[in-house]
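The values are calculated or read from the model by the stated rules, or taken from the named source; none is laboratory data. What you see is a predicted model, and the numbers here were worked out from it, not measured in a lab. Glycine gets a Cβ as well: all are built from the backbone with ideal geometry, and neighbour counts include every protein chain shown.
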C-alpha cells in the first residue's frame, strides 16, 4: 500500500537571495541567485526521499499571493491590506489595486515549474493563487469603463490559462492556494463572502474535465494567512468546523487540510469524512510549520494511522499543514528545519503505510 505524500509549497529562501531582494537587486543580479536557489531547493527536497517536490516558491519574489501582477502598469500599491500575525506583533502586506482594465497576468506559474523541472528527477507540483484571492485587486468603488463582471471574466480566463500552462509543462499536480478562505470568515461571519469566493473558484474549475480536475488540488490552512512559525492571535481564530464543509464544495480533485496543529484532530477528520466528495482525495497535514520542533517519525506515523480510521486509504494522502515561508522575508523557520520536517513526513507516512498494508 502506498499513501501519496506531497508538500504544500514554500521553503525559506537562501540568505543571500533574501538579502539581494531586500537590497533592491535588479533582474540581472537576481537571475543567477534565483537559479542557484531553485537548484539547491530541488536537490535538498529530493535528498529527503520525497516522491513529489516543489521549487519551494523561490521565484515568487514578494509572496505567494500577488506574483501574477507584480509590476503591472495598471496597478497602484495601495490595495487591499493582507493581515498577518507573527504571534507577537502585527505585520501587514498590501495587495496592488487595479487602476484600469483589462486585467492580465504578467507572470504565469509555469515559468517556476519549468525552472524546477530542469533540475528535478522527481515529479514537481506547482502552487498557484486562487482567482478569489486576486478578485480583491478590484477596487470596491469600481472602475470607469471596466465593470466588475468583465474583470471577473478576465480573471477566470487568466486563471484557467495558468492551470493549463502548468499541466502542459508537466506539473504532477497544480495546487490552488485558498488562503483567503479563513479571511473571508473573519471579514464576513455570515458566510456570504466565503460563498462568493467558492462560486468564483468553481466557475474556473468548471472549465476543466473530471480527469483534469483530478490533477488540480486546493489548499487552505486553519489560520489562513500568517508566517510560518506563528500561531493565530485570539481575534483571528476561525473554527475549522465552519470552514471545511464549504471548502469541500470547491470541485478540486485533491484537498489539502491542516491537521497536525489542530487541537481536536479527530473533529477535523470527522468533518473531512462527512463532507469530502467521492472523487476527492484528502491530504491531511502531519507536520506543523508553526511548531519549531521537528516531528518524530512516530508522531507522523500515528497521525496517518489516526486519519486512516476516518478516511479510506485509497482517498488518503499526507502533506504539511502549510508552506514554510509564504512571504519572502519570512525567516521564522530555517531551511534545515523545513527539510527535516519534510523528511519526517515522508518516512512517517511510509511507516504508516506499511502497518496499514500489514493489517489489511
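Within segment 167-195, how many residues turn out to be outside any loop (DSSP other than H, G, I, E, B) and out of contact with any helix residue (DSSP H, G or I) (no Cβ under 8 Å at 6 or more places or on another chain)?
Number satisfying all stated conditions: 3.
The condition (being surrounded by fewer than 19 Cβ atoms within 10 Å (Cβ to Cβ), closer than 26 Å to residue 184 by Cα, under 16 Å from the mean Cα position of the chain (by Cα) and in contact (Cβ under 8 Å) with a residue 12 or more places away in the chain) is satisfied by just one residue among 78, 62: 62. Would you say residue 217 is modelled with pLDDT of 95 or more, crowded, with 20+ Cβ neighbours inside 10 Å and more than 22 Å from residue 337 (Cβ to Cβ)? Yes. Residue-level check: of (1) surrounded by 21 or more Cβ atoms within 10 Å (Cβ to Cβ); (2) closer than 18 Å to residue 66 by Cβ; (3) modelled with pLDDT of 95 or more, residue 161 misses just (1). Scan segment 137-157 and tell me whether some residue there is touching a strand residue (DSSP E or B) at 6+ places or on another chain (Cβ under 6 Å), buried (at least 21 other Cβ atoms within 10 Å of the Cβ) and under 21 Å from residue 256 (Cα atoms). The answer is no; no qualifying residue exists.
Residue 298 meets the conditions (1) modelled with pLDDT of 95 or more; (2) buried (at least 16 other Cβ atoms within 10 Å of the Cβ); (3) touching a helix residue (DSSP H, G or I) at 6+ places or on another chain (Cβ under 8 Å); (4) more than 30 Å from residue 15 (Cα to Cα) in every case but one. The failed one is (2). Of all residues in segment 35-42, none are in contact with a helix residue (DSSP H, G or I) (Cβ under 7 Å, 6 or more places away or on another chain), touching a residue at least 12 places away in the same chain (Cβ under 8 Å) and part of a loop (DSSP other than H, G, I, E, B).
In segment 178-193, is there at least one residue being modelled with pLDDT of 95 or more, closer than 24 Å to residue 246 by Cβ and crowded, with 18+ Cβ neighbours inside 10 Å? No, segment 178-193 contains no residue that is modelled with pLDDT of 95 or more, closer than 24 Å to residue 246 by Cβ and crowded, with 18+ Cβ neighbours inside 10 Å.
Quick one: is residue 290 more than 26 Å from residue 212 (Cβ to Cβ), under 20 Å from the mean Cα position of the chain (by Cα) and modelled with pLDDT of 95 or more?
no
Of all the criteria given as (1) surrounded by fewer than 24 Cβ atoms within 10 Å (Cβ to Cβ); (2) within 23 Å of the chain's Cα centre (by Cα); (3) outside any helix (DSSP H, G or I), the one not satisfied by residue 318 is (1).
Once segment 96-121 is narrowed to residues that are in contact with a strand residue (DSSP E or B) (Cβ under 6 Å, 6 or more places away or on another chain), crowded, with 17+ Cβ neighbours inside 10 Å and part of a loop (DSSP other than H, G, I, E, B), the residue that is modelled with the lowest pLDDT is 96.
Reported count of residues in segment 91-117, each being touching a residue at least 12 places away in the same chain (Cβ under 8 Å) and out of contact with any helix residue (DSSP H, G or I) (no Cβ under 7 Å at 6 or more places or on another chain), is 9.
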